Amino acid sequence: MKTVHSTFLLLLFVPLTQQTPQTQLDSHVNYEYATDNSEEAKFSQDYEDKYLDGKSIKEKETMIIPDEKSLQLQKDEVIPSLPTKKENDEMPTCLLCVCLSGSVYCEEVDIDAVPPLPKESAYLYARFNKIKKLTAKDFADMPNLRRLDFTGNLIEDIEDGTFSKLSLLEELTLAENQLLRLPVLPPKLTLLNAKYNKIKSKGIKANTFKKLNKLSFLYLDHNDLESVPPNLPESLRVIHLQFNSISSLTDDTFCKANDTRYIRERIEEIRLEGNPIALGKHPNSFICLKRLPIGSYF
């Protein structure tokens with residue numbers, strides 16, 4: 001009887017122990033899978049956040065905007081230091097002109113005065129500008145000058161002391177200007193070119209050439225000279241006086257009237273063409289010359 005009762009109770013509770021529906025199992029599995037995915041997604045998100053944060057931090061570090069001080073330091077590295085006062089005094093001329101190994105070329109730059117020159121300058125070429133006057137201040141403390149060329153300017157006047165202290169000056173070119181007279185010339189001059197001016201005989205003093213014992217080349221053609229300049233030095237080799245207003249010569253112009261044996265050994269060329277004079281009327285003026293002057297004899 002006891003066994004039958006137990007069996008009855010077992011049968012009674014069997015329906016209550018049915019399997020859990022498939023949907024519940026699937027949902028449980030899906031839940032666990034979702035949980036795993038969420039953890040993976042969370043890991044991936046954390047990784048991306050860290051990676052992106054690290055990348056953005058790196059980018060921020062590499063894209064640092066320089067402040068004003070750092071910009072100034074960069075500029076100081078690129079831009080050369082400012083020149084000293086001495087260099088600054090010389091710089092403007094060497095920017096406007098060309099300075100090269102002691103030579104300064106200021107040609108056709110429309111300057112109306114001699115620019116400040118570097119102290120070591122030996123040669124100045126200031127041709128075809130608008131310079132009207134030369135003064136002693138233009139070449140003060142310039143002891144190394146050896147050649148000056150002012151061809152094609154508008155020079156009307158030159159102070160007497162302009163060249164007198166240039167003890168090394170050898171060549172002076174003043175061609176194609178508006179000069180009426182010659183200044184005092186330096187003692188070591190070997191070449192003077194003052195052609196194509198308006199120089200008159202009264203604009204050349206009696207002793208202008210007397211002490212120039214090294215003068216070899218004298219170019220005074222195309223001026224307004226009425227006579228040959230006096231006291232021409234023995235050192236002269238070439239004298240150009242063509243196309244002036246020379247109308248007379250004397251026995252002492254090139255020779256020595258009181259010394260019939262005197263010969264001017266160094267003279268190679270004298271040009272007198274284009275003057276209102278018949279050279280054939282003055283034979284004694286050329287008796288000391290090895291070559292007759294170029295010009296009209298009749």
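The values are calculated or read from the model by the stated rules, or taken from the named source; none is laboratory data. Since we're looking at a predicted model, the values are computed, not measured. Cβ sites come from the backbone with ideal geometry, for glycine too, and all protein chains shown count toward neighbours. These accessible areas exclude ligands, DNA and RNA; they are computed on the full protein's heavy atoms, side chains included. Shrake-Rupley method; radii C 1.70, N 1.55, O 1.52, S 1.80 Å.
Accessible-area rank, largest first, for C94, C288: C94, C288, with all protein chains present and a 1.4 angstrom probe.
Using a probe radius of 1.4 angstrom, the carbon and sulfur fraction of the accessible surface of the stretch 161-298 is 50%. First select every other residue whose beta carbon is under 15 angstrom from the beta carbon of E265; then total the charges, Lys and Arg +1, Asp and Glu -1. Here the count lands on +3.
On the stretch 106-154, 47 percent of the accessible area sits on carbon and sulfur atoms, based on a 1.4 Å probe. Accessible area per residue for the stretch 220-269 is 51 Å², calculated with a 1.4 Å probe on protein heavy atoms, without ligands, DNA or RNA. Taken one residue at a time, the phi angles of the stretch 94-103 give Karplus couplings (6.51, -1.76, 1.60, θ = phi - 60°) of 7, 8, 6, 10, 10, 10, 8, 6, x, 10 Hz. Gly and Pro are set to x. Taking a Cβ cut-off of under 11 Å around N231, the surrounding Lys, Arg, Asp and Glu residues balance to a net charge of +1, with basic ones at +1 and acidic ones at -1.
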